[in-house]
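Scroll down for the structure; my scribbles are underneath it.
The values are calculated or read from the model by the stated rules, or taken from the named source; none is laboratory data. Note that the structure is a prediction, hence the values are computed from the model and not measured. Backbone-built Cβ (ideal geometry, glycine too); neighbour counts: all protein chains shown.
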Amino acid sequence: MALRHAVLAALLDDEYSGYQLAKAFDIGVANFWHALPQQLYAELTKLEKEGLVAGREVVQETRPNKRLFRVTDAGRAELERFAAAASKPSFIRDDLLVKVQAADRVGTGPVIEQLEERAAAADAKIGMLNELLRHLRGDAGEDEFLLRGERIGPYLTCLRGLSFEREHRDWCLRIAAVLRKRQAREPHGQGRSAKGREAGRGER
């Protein structure tokens, strides 16, 4: 998947300026595709040149003029082609997991702290996603909305994001607790150093 497809999918809901698109990515699309605002602005320029989105100038009296973008028929056709293509398997690439793998050899203290920070961040994201889901479905219950809602794509991706953040929070807290118990039982380095000293005495 290329960034262009995520941009085209986001523009299906409404006309967006570059700033509004960045906000939409930050709130919902970031669950499955992260992009910096600069990347989004550059991608909008490319898509407009290729005719996949169309832009129009909006004159504002008290603010600078802005440019709004919408998906064209060619852009929808590109999304249809993308949707029909086979999807690649997903994979995890996370530097925190590398630190966890090495934790019992390089020290657990900083890793525990980072796990708990990640858990707190995930918890905040969970609250935000729950609010977004309530906003998307309005007065309807979830089952009713999923069955009869006019536009459920963003809702479904938010459900995936919510599931991910909950699992990520729970995993981080569990691993932090495991490492804390091991740290309390034998603080990193002390046990190994004592054993090393004993081995050294035996060799002499």
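Looking at the range 35-57, can you tell me whether even one residue there is part of a helix (DSSP H, G or I) and closer than 20 Å to R160 by Cβ?
Our first condition is that a residue be part of a helix (DSSP H, G or I); within the range 35-57, this holds for 37-49.
Those still in the list that are closer than 20 Å to R160 by Cβ too: none.
No, the range 35-57 contains no residue that is part of a helix (DSSP H, G or I) and closer than 20 Å to R160 by Cβ.
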Filtering the range 146-161 down to residues that are modelled with pLDDT of 90 or more and more than 24 Å from the chain's Cα centre (by Cα), which residue is surrounded by the most Cβ atoms within 10 Å (Cβ to Cβ)?
G149
Cross-chain or 6+ apart pairs with Cβ under 7 Å, the range 2-14 first and at pLDDT 90 or above, then of a type in the set (K, R) and surrounded by 14 or more Cβ atoms within 10 Å (Cβ to Cβ)
L11/R70
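Could you tell me whether the range 18-34 includes any residue that is part of a loop (DSSP other than H, G, I, E, B), loosely packed, with under 14 Cβ neighbours inside 10 Å and at negative phi? I'd like the intermediate steps shown before the answer.
Taking the range 18-34 as the starting set, the residues that turn out to be part of a loop (DSSP other than H, G, I, E, B) are 28, 32-34.
Still in the list and also loosely packed, with under 14 Cβ neighbours inside 10 Å: 34.
Retained after the next criterion (residues that are at negative phi): 34.
Yes, some residue in the range 18-34 is part of a loop (DSSP other than H, G, I, E, B), loosely packed, with under 14 Cβ neighbours inside 10 Å and at negative phi.
From R118, R67, R63, R105, grab the single residue that is part of a helix (DSSP H, G or I) and either among the acidic types (D, E) or over 19 Å from H34 (Cβ atoms) (or both).
Details: R118 fails: either among the acidic types (D, E) or over 19 Å from H34 (Cβ atoms) (or both); R67 fails: part of a helix (DSSP H, G or I); R63 fails: part of a helix (DSSP H, G or I).
Just one listed residue meets the conditions, R105.
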Give the range 90-142 a look and list any residue that's of a type outside the set (A, V, I, L, M, F, W, C), at pLDDT below 90 and exposed (fewer than 12 other Cβ atoms within 10 Å of the Cβ), or say none.
S90, R93, R105
Does the range 74-91 contain any residue that is farther than 25 Å from G161 by Cα, of a type outside the set (F, W, Y) and in a loop (DSSP other than H, G, I, E, B)?
no
For the structure I just gave you, tell me whether A124 is outside the structural domain of L179 (by TED's automatic domain parsing), in a helix (DSSP H, G or I) and not acidic (D, E).
no
